[in-house]
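The values are calculated or read from the model by the stated rules, or taken from the named source; none is laboratory data. Nothing here was measured: the structure is a model prediction, and the numbers come from that model. Here the Cβ positions follow ideal geometry from the backbone for every residue, glycine too, while neighbour counts run over all protein chains shown.
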Amino acid sequence: MKDEIGFLGDKILEYRFEIANEVHENRIDDITEE
Amino acid sequence: MELINIRAHFIILFGEVLRDYLNEERALQKFTQWGKETEEMFCNLKVPLDEALKDTKDYRTFLWKILKEVIKGNNLSIDTVFEVGEIIDPLLDHAAYSFSLSYVHFYQLTLERAQSAFLELSIPVVPLAKGMAIFSLPRIGNIDTERANYPMEEALKSANRLQFQRLIVDL
């Protein structure tokens, strides 16, 4: 299980900019709607 | 772009906690430190606290979106899913808490500095001639304890600094 968690950690690091971009774009959409 | 880099940096913390399998105490310290480091940055970027806190929901949603894809794509165990949930969700809550504390602390300091500058400007000691100055007491607004103490302290400091023997107090 420890290996699997480490693997997920690596994947988060790999996709950090994708996640950051999605958060960012979603926030911009929310602010625009408001 | 700067904000996206800040967000990516925040996400890195989760990746590192999982990758290095940090214990709860070290993981929380990491996020507390992050809260302290980013308070000034967020305040300077003029991001209101309520707006910054709204991000928490989106981080949770999009972190789990990626995790779900990876977990399903690699047939990871259900135990791993629960374990990761028990790590990530409290960390997100802690990050929001640490950030709020740091943000309010920084905001309070900024207000105190502004108040101090305001006092200095509102109660000026103006040199009139050699050894003589005029001291104008405030006439606008409420006189609270701090505002009442300031003229006494400032008069003595100014007397020392400007070496005046006579002080006219303008009431």
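Applying the criterion of being in a loop (DSSP other than H, G, I, E, B) and not aliphatic (A, V, I, L, M) to the residues of segment B:30-55, the residue that is surrounded by the fewest Cβ atoms within 10 Å (Cβ to Cβ) is B:46.
Screening B:106, B:135 for residues that are modelled with pLDDT under 80 and either outside any helix (DSSP H, G or I) or assigned by TED's automatic domain parsing to the domain that holds residue B:37 (or both) leaves exactly one candidate, B:135.
Can you tell which of B:100, B:136 is surrounded by 12 or more Cβ atoms within 10 Å (Cβ to Cβ) and in contact (Cβ under 8 Å) with a residue 40 or more places away in the chain? One residue alone meets the criteria, B:100.
The sole residue among B:93, B:58 that is under 27 Å from residue B:6 (Cα atoms), acidic (Asp, Glu), more than 14 Å from chain A (Cβ to nearest Cβ) and in a helix (DSSP H, G or I) is B:93.
If you take the residues of segment B:14-29 that are free of Cβ contacts under 8 Å to residues at least 40 places away in the same chain, within 13 Å of chain A (Cβ to nearest Cβ) and part of a helix (DSSP H, G or I), which of them is farthest from the chain's Cα centre (by Cα)? Once the filter is applied, the top-ranked residue is B:19.
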